[in-house]
Each structure stands twice: as structure tokens, then as C-alpha cells.
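Novice: Pasting a structure here, questions to come.
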Amino acid sequence: MKKLILLFMFLLLIGNVSAGILTEWNDKLDYKDNNLTVVITNWWGLGEKIGEATLTSHKTFDEIRKVPQGRNISVMHYDFPDWTNYKDGLGEVYLTDLDTGEEIIRPYYFGKAVYKDISRYGGEEVNCSQVKNVNGTFIEKCEYKSVLTDIKKTIVGWDILETTDIPGDTGDNTIGLILDVRPGDRIDGVWTILGKKVKLHAGWDADLNTDLFAYFNWSWSNDTSGNGNHIYMDDAPVFGSGKVGNDGDWERDTTDWASNTTTTSYLPTLPFSGNLWWKPEADGLGAYQTILSKSADGTGGWRFEVFQNADNTMGVRVTRADGTHAQVNSISIFGSGDYSMLSWIADGTDLRVYVNATEEGTPVSLTDLRNNSPASLRVCRKYGSPTSYCDGHFDEWSLHTRSILADLEDLWNGGAGTTHSLGPFDSGAGNVTMNSPLNQTYSATTTLFNITFNDDIGEEGCNGTINNGASNFTLVNVTTSPNDYTLENITMSEGSFEVKYFCMDVNGNENNSESQSFRIALAPSVILNSPVNNTNISVTDLNFNCSAVRTGGGVTQLDLIIDDIVNYSVVNASADVNLSLEINISGLGDGVHDWTCNASDGIVSVNSTGSLRTFLIDSTASVINVSSPRGYINYHVSGSNLTINWSVSDPHLDSCWFNYNSTNTSLTCADNNYTFTTNSQQNLTFYSNDTYGNEGSNFTEWVYIIKEITETFSNSTVEGNTETFTINITINSTTFPNSRASLVYNGTSNTGTKIGSGDSLLFTRNLLIPNVDAQVNLTFYWEIVLNNGTDNPFNSTFHNQSVSELSVDNCTTNTNVLYNFTIVDERSQIFLNPTNQNTSGKLNLQVFTLDRSIEVINFTKFYNKTNPFQVCLSSNLSGANFSVDAEIEYSADDYTQEFYHIQNDTLNEQDLHTNITLFDLDSTNAQEFKVIYKDQSFLPVAGVLIQVQRKYVDEGVFKTVEIPKTDFAGATVANLELNDVKYTFIIIKNGELLATFADKFPVCDNAGIDDCEINLNSFGSSAGLQDFTQLEDFSFSLDYNRTSRIITSIFSIPSGTQSEVSLNATLFDGLGNRSVCDDILTSSSGTLTCAVPSTFGNGSVVVTIEKDGVKVGGGTTSLAQSSVDVYGSNLAFLSIFILLTLIGIGISSSPMITGVFIAIGIILNITLNLMDTGVNSFIGAGATILWLFIAIVIVLIKGAKRI
């Protein structure tokens, strides 16, 4: 009870936790709309959505928005749609400097946006009529009416939020962050909403000056953008306080105007934009006046022209390349009451005009610009019109080389305007630092003049003069170092010089206060003769040769410098003699060395050093380490690959190779490994050579603990199949006298059988494949344990065996047809229509493992009105073997119910597509017989199959029409036709032939009461088992009747599967080989007969039996007269007489001699036709004479051992 109370109090406590606390631990933020919208859900995102907020002040979440400088500026804002009032939903905003990464502490507050509907106009309606003017003539007067295109809801201010609650949405729920924006601000802002930081956020930049071409705030006449696009006052206006900062009061009557006379200035290319504030005065209303004009060709074409129309609307005109004008007029009327902001944007597609940040007029196409002999820029005067001056107040105008569409709201700033905060222009020159030459003596006539010029506003360029104007030059700005100015003079001569620099900034301020004195005195020339640069040698001594000359003088000392150390010197006391040096230096170590020669003269204190040359000595061969293969290798598959792993250390490595089995294989040294195919050799040598001819080598050899010679297995199988796995290995049996192996299959260890001894071993394992639910790859390997007093386990290569599920169906899913059953009329052998005759087939199919220890499948199916009907497997049984039983019950309307059994048949891929004909006897002609089979002890035998063969006289063959199975009493039921039909019964159990009963006519004395019975026992068999040749799933007999000259073969397939069985007789005599007769039958059992025509006389007949086209047996018989026909009743007397009168029998007491002569006597009897060759008169399978000879040979062998 206490636990329940505590649980209740805990839940109650959770229920009373404030929304803010819950948010901190169970609310979840997700992002959408390209991360501009944050979605807040409770309970870790599993509960309902609380609300969402969309960043609408920025185009992307990572945009750095440009905002104006000033107090109480909205820098970013979110829309909170569909919110109800959420207490304390707005948390702390974290401000970070984007340049330094440091946190910024600055007061801020939240404000809710105040929206106002702003009318937007997009064209005008024109109504014109004819009216009289003052002189009485008619003129056309037009009225222009602006066309309202839409109303834009615009933020015009912010109401301070007194709390941090998220207010409920009343239609416009935009919340902004309000703070002071200071010059240079680059700030990142992270809001906290419902206790969660919105980490995908945006920032702002207090800079509207990107791509600012020119800017005038009228604090003076210069361009305060810093780009030097100044204008000059032709007649200056009065400057005073304006809308944003200062403005100019331009008066028409005093012809105030200004210009830029550089014709190549103010020619921005597309895209470009402009912005200005304009307030016309009363004198300027109602008349056309130009505010800005930049001629594009001097003949009426404009790069841009800004003007006020006579109706006091504003217009902007730009001339296209073809001379046509793109012009857009505003809709709004500019009056003398207050300033209005006029903006125009040429974005490369259209020209558009905006008044107070709202687009007006109809945009026109503008994709190119005219630029034919441009003229100067003019302010408050039209180019080419000497009287077109303007009258009004002109404040804050700027020109941009980009579209300022995104900045219009900031420039408008709710009507307060925004200053670009540039200027005032500096009046001080930049700083110059002299880098070269310095105040020293130089020994070359090529002199590098280099300075660094820095100016806060911008650098225009630098010039220089040598010796007070004797030589003047211009220094070139280095683009890779923007403040470096350089000139290389290659024509200097010996002497003393002074250089002075003149550097001007973009505002015309010049620094000319820097100068430097220097001297040039030429040094001796040094010639390095040998060794040449980059010489490579493999010895440690080397000859060095150099010389030095000085024009107009001599060399006092020449030094050989190797690796920055003076190694050898030559000194000359005479100042007018040149020097040379040649010496052999020995003991130099391996590595890279440099050398040069240094010369000094006796005139000036200047030395001259030749170019630094290098040479390399390498006298050491490579260091090679072959890590593998080396030593003992646990396991290796014969003929498979090994990988050689090496490392080679040589600073000048050139080539690598290895020798294996007397073959060299080239390698890439840096590969460090190479895979090669092995043979019986178990060693190799690795070589390397460097570029200096130093060769190294490393020998390695290895021993296999286990070498796999062969391994056999099936890559794929089916469940329930018995698979054989073998592995043949060689080991060192001296080291490991004991060994064993287990097949680890799917994680289960199965002990293998070892065959052989010594070093060569074979392990085998027959494994029953486990059942699976679907096709799966099962892993297996051999675990081989070698014992030398301690078990040492080794694993063979891991393999996968694909095991498929074995399933049976009626071929609706599976496609591998096993049996195809067709029901026919037994008498006529005509197909029974499944629909008209209502055929019925019932099947019970059982599949076992090959040893029949486990049942794999038990399939039953009722085939109603289906004929033929099929059984299909999911597998094609490739390499698989099973045992199968089947019971088929079939019937039709007006036909008897009969059975067909298959028992203990080996099921493999050869059984696929077996066609079985089911003979059904019509009820009118059918008589049900009880058939009982008993063995030699007259005991009933249960579970035997009785193959009922019916003879079709017109075909001369027996066909299996039914295969019933006996019950525990040895009885079963067969449906037979009485009296006139001949049947053969073959008794089989589990694939073994027990008896045959040929040529039986079913007779029943009590047919009227269905009391019919046939009793079969082994003593009544037509032929003994010794007369049958027993093969795998096939038994047959051969018999020749001399009187009827008929060859007969009774065959049976114990499994019950049908095959094509044929009998063929061929005569061999002096005339050659001739076909005598043949017979063929497709059935699981039957009788084949072949009548030998009397036209064939004496000779030998060779009889062959074939099953499915493959010879399975046969024999040879003679067509000659029998011994009885020749000798009659004297046959026995003559045979005994010959045997008794043989010399060997009469004179010897040795059993060996007696046996030999008995055999000779038998041969003589056969030759004289006194004795038949066997019961069936066949020499071959089943011939008695063969067995008699074998018996005599055995008696002779045993007799010889007893003598």
C-alpha cells in the first residue's frame, strides 16, 4: 500500500510540474522546411505537437542577414502560427560574435510585429480626350489612373512584449528580436523556445555595403564608398540637415549641379541597383526635371537616368544595346511635403522601380546595356540639355553592382531610412615601408625595388625616382601580396644611388617622404666546373673543380665549401690574378651534400658565391625485411595463394623482385605485399636494387603445419539430404603422432572418420542436413586437432553451403515435377475426362532421409476432377538422395477404386518428370478379389506390394494396372477382369523381389456374392529368386522355351517408378549379325516376350535388357537341337560313359586331377550336345553352368590346400 501511495504522489508531482520544467526534459525539437521551421512536441516526440515556429526574417537558416545600424533594430523574427498563450515560452537568446566566437552581452527585448496593408500598383489606365487649349485649337489630354494589383501585408513596427510568454495567434503572430545594432556587428543569435535551444539558427551583419559602387551622404562631394567615384560641384547646392543625414538643397534658378567628368566611370554592368531619397520643392512640381543622368553614348542613350515627370511621378530609364529604352514610371506622386525613397533594380532580366520599398509600375525587359562613347555623370542636370536643372532636396544616394531587392526593407527602415555609415574620407597619406634595396652595398647590377604601402581607405599606386629624377619608374602591385609594390631593374651599374618613392591613396593623398641610399659593387664571378649539379655516386670520394674571375681586377681567395663548411682554400697575394681550385675529397658519408665555391677580391669588401650544387652518395644496399611467409604456417590449401609482405628501406630505391621456383617476379617496392600461387617449394628470395646499383636480398622459408590437398563438398543441397564431406591433408606425423578432425557444421561439431596413417590423412563425415524454414547459407569448416602431447587445434577454410527448404505441392508454387499421374480406362487405355467422368485422385507422399531414420515430408492432397495431376518439388534434387513412399488412391464415376503404391524408392534428380499411368477398371467388368500372400512358412506377409500386370494381347505386353499393398494379415484387394484376361503378379517388399506368379487367369466360383480370393505363396512362384538378376531398383529374369522358341523376361522396378524397358535378340552366325526380335514396355513391372522365327536356324542369340536406354543385363543362348532331340533315351548312358572312361579319372587318385578331368568331361558333354548349358540355356546372368564351373574351381582350391 505504501508503494501505491508513493507512486500516486509521484504522478501527482509530475502533473504539477510547470510547463517550462517539463519542456526541459521531455519536449523534443524537430526541423523541417529546410531547417527554417522548428516543431516542438512533448514526451520526447511521442506525444502531441505543442507548436511550431518558422524563421521568416531569413531565406535560409544559415543566412547572414544584412541589417541597418541603429537603436532598436529588429534583427530576426519567427512566426508562431496557431499557438495559444504559452507562459514563459521564450527563453534566453544567446549572442555570439561570428568573427571571434566570443559570447556577446547586449540588452534586447521581444516585440510583436505590427502589420499594415500596403497597396501595390502594377500599371495604369489611360483615358484621353480632345480639349481646346488657350488659343482655341484642340489638343489631346490624357488622364492616368494607377491600377491596384495587390495589397501586401507589411511589418511597419513592433509592439514591445512585456513578458516572455508566447502570445496566442490572432492571425499575425510574428515575434522579433529587438536590440541595438552597432557598426561592425556580425552576430549569431540562438533562441530558446520552451527551454530548448534552436541550434539551427541564423545571424545578421550590420553591413549594407556589399558591392557598393558609389555612395554620397552629402557630408561633402566625395564618394564615401571608398571607391573613388567622386563628383565635382559645378555650382554647389546648400548642404544642410536632411532625411537621413545631410542633404543638398538644389535650386533650379541658381543652376545648382555637379558632375563626374571621367567618361569611363559610373558604367556598372548588369546587375546593378540604385537608391536615393528625393523631395521636390514647389518650383519643381508640374515640370520634367532630371535628378541623375549617366549618358551611354552621348546621343540620347542612358546607362541610367532618374527623373521626375510632369505629373510628379518618378521614372527611371536605361538604354538597351540596340538603342531602345527600358523605362519604368512610379505610380506614387512625389510632393513637396516629405521625402520618398526611390529605388531601381536592373537584375539582368527586367528593370523594376520601387517606391518606399514597394514595387510600382510595370517591369520591362532589360538584358543588355548600351555603351557607345559614354559621357559624364551629371547630378541635377540632364546631359545634352543646358537648361534641364532640378529643384528639390536630394539626400543619401547610392549605386550598387548587385540587386538590392533583399535590402529594400532595411534601407526603408520603416520610413526612417538607413545610412551606409561610410566616410568621411581621409586626408592623410598611407604608410610606406622600404624593403629593398636597403642602405648597403650590393654585388649585382640587377636591383629589386620593393616597398609595402598601406592605406586605410585604399591604395592607388606607387612610383619611384633614382638620383633625383635621373631615372623614373612605376612599381607594380603584387596580386599575391596586395600591399607590396615591386620593380626589378636589370640595367643598374656600379656606383652609389638614392631612390625616392611616391605613393598615392585612392583619395589623392601622397606619401613622398621615403628615400634610401645604396651602393652597387660587382663581386668576382665564380664558375663551378665539377661535379655537375645533382650528381649521384656510390663511392665516398669525389673530385671538385671551380674557378673565379673578376673583370678589371683579381681574386685574392677561393674557398671550397661543402655542406656549409669551408673544406679547402686557395689564397693569392696578387690582386690582379684570377684563381682556380681542383682537389679530391675522400671520406664523404652517405647522404645528400651541397657544395659551392666562394671568391673574394682585394678591391671591395664583397664576396661572390657560386650557385649551390648538390651531389648524393649512396654506398649502402637496401635494408630488406620479409615478414611473411616465414616460419610455421598453421594451415595452407595446396595450390592456393600466399602473400609476401615486406618492407624495404633505401633512400634511392629503384626496383624490387623475388625469386620463387626459379622464376623472377617483378614487384612495385612501395606496395609492400604481393600475392603469388604456391607449389611444392617452400622458400623464396626477395631482392632490391637502388639507383646506384647497390643490390640487397633477404631469404625466407616456411613450413606448413597442415597442408590441405583436397576438400570435397556440395555448394548447395536441400534439407534432409545426407551429404558427404571429405578433407585430405598432409601433416608431420613425427611431430604430431596423433590427430583427429571434426566437421563443425552450423556451429555443431561432428566427429569425422580418419582414413590412412602417417603424413597423409583423409577425414570423412556423412552428415544429415538439418531442416530449414527458408533457403539459408550454413557455415562449416573442419576443426583439425594435432597432438604432440598437447592438443593443437587448427581450422580449415570456412565455407558456406546453401541449404534449400524441401517442399512438395501440386505444382501451384513449385516447378520441379516429380510425378505426373494420368488416369486411363484399363481395358481401352483411353484417357478419362476429369469433368465428365468425375475423376478423383488422393495422394499421400512421404519423403525420408536416405537411411529412412527421419521423415522429412508428409504430403497429402486430394485432386478432384483433375486429370492428369502432378506432384512438384521446390528443389531439382541436384546431388540429393532421399527415400520415398507414396500411396495413390484413384477412381472415377462407374469405375472401381484402385491403389498404386511406391515403396522405399531412392529419390534423386533422375526421378524428376516420372510419368505414371493409373489404369482404372470399369465397374461393369471389374471383380474384386481378395489376394493373400504367404511366405515359405505359409505365414502371411504384411506390407508387401503386389504388382498386378495385365497382358494386352494386341500389344503383346504386360502392363502394371494396379499395385495394392497387403495388410497385417497379408491380404489386399485387387480389381480383376474374370476368366478371359491373363495376369502376372509380382510380389515386392521394400525393393526386394519375393516371388512372381505368371500367366494367371482370375476365376471365381462365388462372384455373385463377391467372395473371390486368390492365394499366393512362395512355393507357387513361377520362378525362383535364383532365376532373377537383382540390380539396384531393378530385377529381371531371362528364359528361352526351345519348343515354342519364345524368349521371356519378367521384370520389376521395386520402387514402383515407371521406366522404359526393352528386350532385344540378335543372331550371331556365319552370315553375320541379324536382329531376331524385340519387345518394349514402359511400366514399373511387366513381361517382355520375343518369338524367334523358325527361319533362323542354328546359331547363337545374344539377348540384351535395357532400362531407359541403358543396358542393365542380358545373356546368350543357342538355337541348336537339344541333347534329348539328338540322343533320346541314350543321353544319360553316354554322358556317364564319357565321364567314367576319361583317362584322368581312371589312373589317378589325386582329387586335383580328378576334378580337372571332371571339368574336361563336362566340356566334352556340352560340345557333343549331351548336356544343356543351364536351366535357362543361357550363358550369362543366371546360367547354371557358370555356377557349376565356379563350384569346381573352389573345390580344386580347397583340395590343393589339403594335399
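The values are calculated or read from the model by the stated rules, or taken from the named source; none is laboratory data. Nothing here was measured: the structure is a model prediction, and the numbers come from that model. Note that we place each Cβ from the backbone using ideal geometry, even for glycine, and neighbour counts take in every protein chain shown.
Novice: With the structure loaded, tell me whether Asn543 is in contact (Cβ under 8 Å) with a residue 60 or more places away in the chain, in contact with a strand residue (DSSP E or B) (Cβ under 6 Å, 6 or more places away or on another chain) and surrounded by fewer than 16 Cβ atoms within 10 Å (Cβ to Cβ) or whether it fails that test. Lay out the reasoning, then the answer.
Specialist: Details: in contact (Cβ under 8 Å) with a residue 60 or more places away in the chain: no; in contact with a strand residue (DSSP E or B) (Cβ under 6 Å, 6 or more places away or on another chain): yes; surrounded by fewer than 16 Cβ atoms within 10 Å (Cβ to Cβ): yes.
For Asn543, the condition - in contact (Cβ under 8 Å) with a residue 60 or more places away in the chain, in contact with a strand residue (DSSP E or B) (Cβ under 6 Å, 6 or more places away or on another chain) and surrounded by fewer than 16 Cβ atoms within 10 Å (Cβ to Cβ) - is not met.
Novice: Filter region 326-370 down to residues that are in contact with a strand residue (DSSP E or B) (Cβ under 6 Å, 6 or more places away or on another chain), modelled with pLDDT under 90 and of a type outside the set (Ser, Thr, Tyr) and give me whichever is surrounded by the most Cβ atoms within 10 Å (Cβ to Cβ).
Specialist: Within region 326-370, the match that is surrounded by the most Cβ atoms within 10 Å (Cβ to Cβ) is Phe334.
Novice: May I pose another question? Please specify each residue of region 836-845 satisfying the condition of being exposed (fewer than 15 other Cβ atoms within 10 Å of the Cβ) and not in a strand (DSSP E or B).
Specialist: Hit for region 836-845 is Asn836, nothing else.
Novice: Let me ask something else about it. Please go through region 1004-1014 and pick out each residue that is in a strand (DSSP E or B) and of a type in the set (Asp, Glu). Even if it seems obvious, please write down each step before you answer.
Specialist: So in region 1004-1014, the residues in a strand (DSSP E or B) come out as 1013-1014.
Passing the criteria: only Glu1013.
Novice: Name the pairs whose Cβ atoms lie under 7 Å apart, with the first residue in region 763-774 and surrounded by fewer than 16 Cβ atoms within 10 Å (Cβ to Cβ), the second polar (S, T, N, Q), and 6 or more positions between them or separate chains?
Specialist: The qualifying pairs are Asn766/Thr722; Asn766/Thr724; Pro770/Asn746.
Novice: Of the numbered conditions (1) within 44 Å of the chain's Cα centre (by Cα); (2) at pLDDT 95 or above; (3) not assigned by TED's automatic domain parsing to the domain that holds Gly747, Ile857 fails exactly one; give the number of that condition.
Specialist: Result: Ile857 fails condition (2) only.
Novice: Looking only at region 482-512, which residues are without any contact (Cβ under 8 Å) to a residue 40 or more places away in the chain, of a type in the set (Ser, Thr, Tyr) and more than 18 Å from Ala444 (Cβ to Cβ)?
Specialist: Within region 482-512, Tyr485 is the sole residue that qualifies.
Novice: If we only count strands (runs of 3 or more DSSP E) wholly inside region 927-1003, which ones have 1 or more residues that are over 25 Å from Asp894 (Cβ atoms) and among the charged types (D, E, K, R)? Spell out the reasoning first.
Specialist: Numbers: elements: 927-934, 945-952, 957-962, 971-976, 983-989, 992-1000.
In region 927-1003, the matching strands (runs of 3 or more DSSP E) lie at 927-934, 983-989, 992-1000.
Let's see how each residue does on (1) among the charged types (D, E, K, R); (2) touching a residue at least 40 places away in the same chain (Cβ under 8 Å); (3) in the same structural domain as Leu369 (by TED's automatic domain parsing); (4) assigned to a loop (DSSP other than H, G, I, E, B):
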{"residue": "Asp249", "(1), (2), (3), (4)": "yes, yes, yes, no"}
{"residue": "Thr254", "(1), (2), (3), (4)": "no, no, yes, yes"}
{"residue": "Ala258", "(1), (2), (3), (4)": "no, yes, yes, no"}
{"residue": "Tyr266", "(1), (2), (3), (4)": "no, yes, yes, yes"}
{"residue": "Leu270", "(1), (2), (3), (4)": "no, yes, yes, yes"}
{"residue": "Trp277", "(1), (2), (3), (4)": "no, yes, yes, no"}
{"residue": "Asp283", "(1), (2), (3), (4)": "yes, yes, yes, no"}
{"residue": "Lys294", "(1), (2), (3), (4)": "yes, yes, yes, no"}
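Novice: Which of (1) among the polar types (S, T, N, Q); (2) surrounded by fewer than 16 Cβ atoms within 10 Å (Cβ to Cβ); (3) touching a strand residue (DSSP E or B) at 6+ places or on another chain (Cβ under 9 Å) does Asn833 not meet, given it meets every other one?
Specialist: (3)
Novice: OK, next. Out of the strands (runs of 3 or more DSSP E) lying entirely within region 460-526, which hold 2 or more residues that are surrounded by 12 or more Cβ atoms within 10 Å (Cβ to Cβ), over 60 Å from the mean Cα position of the chain (by Cα) and outside the structural domain of Val570 (by TED's automatic domain parsing)? Give the steps one after another, and end with the answer.
Specialist: Working: elements: 471-478, 481-489, 495-505, 510-520.
The strands (runs of 3 or more DSSP E) meeting that bar are 471-478, 495-505, 510-520.
Novice: Next question. At least 1 residues that are in contact (Cβ under 8 Å) with a residue 12 or more places away in the chain and closer than 25 Å to Pro531 by Cβ in each: list the strands (runs of 3 or more DSSP E) lying fully within region 603-686 that qualify. It would help to see each step written out before you state the result.
Specialist: Numbers: elements: 607-609, 613-617, 623-628, 631-637, 641-649, 653-660, 663-667, 673-677.
Where strands (runs of 3 or more DSSP E) fall fully within region 603-686 and carry at least 1 residues being in contact (Cβ under 8 Å) with a residue 12 or more places away in the chain and closer than 25 Å to Pro531 by Cβ, they are 607-609, 613-617, 653-660.
Novice: Okay, next question. Identify all residues within region 973-993 that are within 16 Å of Leu1031 (Cβ to Cβ) and either free of Cβ contacts under 8 Å to residues at least 12 places away in the same chain or surrounded by fewer than 22 Cβ atoms within 10 Å (Cβ to Cβ) (or both); write none if there are none. Give the steps one after another, and end with the answer.
Specialist: From region 973-993, those within 16 Å of Leu1031 (Cβ to Cβ) are 986, 988, 990-993; that's our starting set.
The answer is Asn990, Gly991, Glu992.
Novice: So is Asn698 part of a strand (DSSP E or B), surrounded by 15 or more Cβ atoms within 10 Å (Cβ to Cβ) and outside the structural domain of Pro793 (by TED's automatic domain parsing) or not?
Specialist: When the stated conditions are applied, Asn698 passes them.
Novice: Inside region 725-745, can you point out the residues that are part of a loop (DSSP other than H, G, I, E, B) and either surrounded by 15 or more Cβ atoms within 10 Å (Cβ to Cβ) or not assigned by TED's automatic domain parsing to the domain that holds Val776 (or both)? Step through it out loud before you land on a result.
Specialist: Within region 725-745, the first condition is being part of a loop (DSSP other than H, G, I, E, B), and the residues that meet it are 731-737.
Matches in region 725-745: Ile731, Asn732, Ser733, Phe736.
Novice: Now for a different question. Which residue out of Phe821, Phe869 is crowded, with 17+ Cβ neighbours inside 10 Å and in contact (Cβ under 8 Å) with a residue 60 or more places away in the chain?
Specialist: Details: Phe869 fails: in contact (Cβ under 8 Å) with a residue 60 or more places away in the chain.
None of the others qualify; the one that does is Phe821.
Novice: If we scan region 936-959, do we find a residue that is touching a residue at least 60 places away in the same chain (Cβ under 8 Å) and acidic (Asp, Glu)?
Specialist: No, region 936-959 contains no residue that is touching a residue at least 60 places away in the same chain (Cβ under 8 Å) and acidic (Asp, Glu).
Novice: Same structure, new question: Given the criteria among the β-branched types (Val, Ile, Thr), at pLDDT below 80 and under 21 Å from Phe997 (Cα atoms), does Ile1046 qualify?
Specialist: Working: among the β-branched types (Val, Ile, Thr): yes; at pLDDT below 80: no; under 21 Å from Phe997 (Cα atoms): yes.
No: the conditions fail for Ile1046.
Novice: Of the conditions (1) modelled with pLDDT under 70; (2) loosely packed, with under 11 Cβ neighbours inside 10 Å; (3) of a type in the set (Gly, Ala, Ser), Gly171 satisfies every one except a single condition; which number is it?
Specialist: (1)
Novice: While we're on this one: Out of the residues in region 257-295 meeting the condition of being within 20 Å of Asp211 (Cα to Cα) and of a type in the set (Ser, Thr, Tyr), tell me which one is surrounded by the most Cβ atoms within 10 Å (Cβ to Cβ).
Specialist: Among those residues, the one meeting the criterion is Ser273.
Results for (1) surrounded by 14 or more Cβ atoms within 10 Å (Cβ to Cβ); (2) outside the structural domain of Gln910 (by TED's automatic domain parsing); (3) in contact with an Asp or Glu (Cβ under 8 Å, 6 or more places away or on another chain), shown as yes or no for each residue.
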residue: Ile755; (1), (2), (3): no, yes, no
residue: Thr797; (1), (2), (3): no, yes, yes
residue: Val847; (1), (2), (3): yes, no, yes
residue: Tyr863; (1), (2), (3): yes, no, no
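Novice: Shifting gears a bit: I need the strands (runs of 3 or more DSSP E) fully contained in region 767-821, keeping only those with at least 2 residues that are under 20 Å from Val718 (Cβ atoms) and in contact with a strand residue (DSSP E or B) (Cβ under 8 Å, 6 or more places away or on another chain). Walk me through how you get there before you give the answer.
Specialist: Numbers: elements: 776-787, 791-795, 799-804.
Because the criterion is at least 2 residues that are under 20 Å from Val718 (Cβ atoms) and in contact with a strand residue (DSSP E or B) (Cβ under 8 Å, 6 or more places away or on another chain), the strands (runs of 3 or more DSSP E) in region 767-821 that meet it are 776-787, 799-804.
Novice: Still on this structure, I have one more. Just checking, does region 586-600 include any residue being part of a strand (DSSP E or B), of a type in the set (A, V, I, L, M, F, W, C), touching a residue at least 40 places away in the same chain (Cβ under 8 Å) and surrounded by fewer than 16 Cβ atoms within 10 Å (Cβ to Cβ)?
Specialist: Filtering region 586-600 for residues part of a strand (DSSP E or B) gives 591-600.
Checking which are of a type in the set (A, V, I, L, M, F, W, C) leaves us with 592, 595, 597, 599.
Then keep just the ones that are touching a residue at least 40 places away in the same chain (Cβ under 8 Å); that gives 595, 597, 599.
When the remaining residues are screened for being surrounded by fewer than 16 Cβ atoms within 10 Å (Cβ to Cβ), the result is none.
So far as region 586-600 goes, no, none of its residues is part of a strand (DSSP E or B), of a type in the set (A, V, I, L, M, F, W, C), touching a residue at least 40 places away in the same chain (Cβ under 8 Å) and surrounded by fewer than 16 Cβ atoms within 10 Å (Cβ to Cβ).
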